[in-house]
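Comments concern the structure below.
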Amino acid sequence: MNVMDCEASASRARAHLRRLARIRWLAIGTVGALVYAAHTALEIRIPLVPLVQTLCVYALVNAATTLRLQTAWPRFWSRHLPVTEHELGAQLLVDIAVLSSALYFTGGAINPFAACYLLLVLYASVALPPRLAWTVAVISMLAYAGLHLFRIPLPVSDAVSADRTLNYSAHFAIYLALAALVAGYGVRLSEMRRLYLARAAADAQKEARERYLVGLAALSAGTAHQMSTPLSTMAIVVGDLRESGEVPPPDWKQSIDMLWGQIQICRRSLEAMARSADVDRLGKIESVRAEQFVLDVAERFRALHPKVQLKLRCARLEDALTLSSDHTLPQAVLNFLGNAADASPHSVEMRAGLIDELLLAIEVLDRGPGIPAALRERIGKGLLSTKESGRGNGSGVLIACAAVERFGGTIHISDRRGGGTRVQIELPLFRPRAATTGEDDDYRRLGIA
């Protein structure tokens, strides 16, 4: 148990002990009044001396407990000996001992006030952990059983009338005690429920805010990763134009068109980021047709890498097959395609098909130098890059792996036969259930086609 748990446990035990001390003062006053009434009104000759001594000792114990709970108690003891659940259990054992002593002098188990053991068990079940609560319950049962064997009978002249009056008084007192306990803890439970709902609402708002910030960070990183390729192309083209001197190169118009195309790609990426950054849209999960998802990713990749010939092989997928996606999942696939283009611009291939009835596999293949087995095991677990210094730090792959795993997918990286790297992305699919009438359900239940 850590420090915070210990402090919370001590705080709860202290609150329960303070409540128990208040109940004790009420019990001492009630018992004193009942003893006086039994001795005067009912003319029951109960042993006053031991009963009064028991009540006085009980009052002294409760006074010491009350003093311990006050600020007047020495700080040394409050700091180094805080109230614990075990101390609260020991205090309840004192209550059992006092109750057993009082019952011993007043008839034993046949005294209707023996039902007060149930009040102590009830309080222990609420205030103590299960192990200590069961301990209090077992000791209460043993004490009640012992009172059948060891007791001092009540000397009464009219036993029937005395028993009737005693039963009435006991039932009335126990009913009041039970009503007070139930009402008190009912109010407490209601307060705890209100606090729980308020805390749950605050936690939900905090979680939504953190989810938005994480999504915004992933969106920014993905957009930056997408724009890095057009910016690199633009830098090369502008560098070639600057080195050509005053005379423009023969293909200057083609270079200008390429620059314009790359600028449009950057503009679209920034517009998409601005649209997705809306609070209501960011992180919103939508159902997308699996085949359309693959085609859209391929189209976006060809726009980002116009000089790379992407070979796409996509199996025919049912229109009913959909997958859950947001703005981060297409960026994840584009990230692996971009890495494949960097490794082998002359050979980039993407394949898509079903490897199970509801499992889509997207393969990204290249003919690059490959990835060492030792590094493959670390991909997605931290910043790791096989590119030259200054061309990437591995954050894109880390974000891509997190996005795929967020939607229940998996990523497998292996060597490609004949050289290169094979990345297989597996994503779960969904097939919406067709609406059926009640009559169709009845036929199906009966096995009628």
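Figures for the structure shown
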{"quantity": "Burial order of peptide ranges 290-303, 7-20, 100-113 (average beta-carbon count within 10 Å, highest first)", "calculated": "100-113, 290-303, 7-20"}
{"quantity": "Net charge of Cβ neighbours under 13 Å - reference Q309; Lys, Arg +1; Asp, Glu -1", "calculated": "+2"}
{"quantity": "By average C-beta atoms within 10 angstrom, highest first, the peptides 133-143, 397-407", "calculated": "397-407, 133-143"}
{"quantity": "Gained length - Q53 relative to H148, 0.36 nm times residue gap less alpha-carbon distance", "calculated": "31.9 nm"}
{"quantity": "Environment charge at L99 (Cβ cut-off 14 Å; Lys +1, Arg +1, Asp -1, Glu -1)", "calculated": "+1"}
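Bear in mind that the values in this text are calculations on the coordinates, not laboratory data. Note that this is a predicted model, so its numbers are computed, not measured. Backbone-built Cβ (ideal geometry, glycine too); neighbour counts: all protein chains shown.
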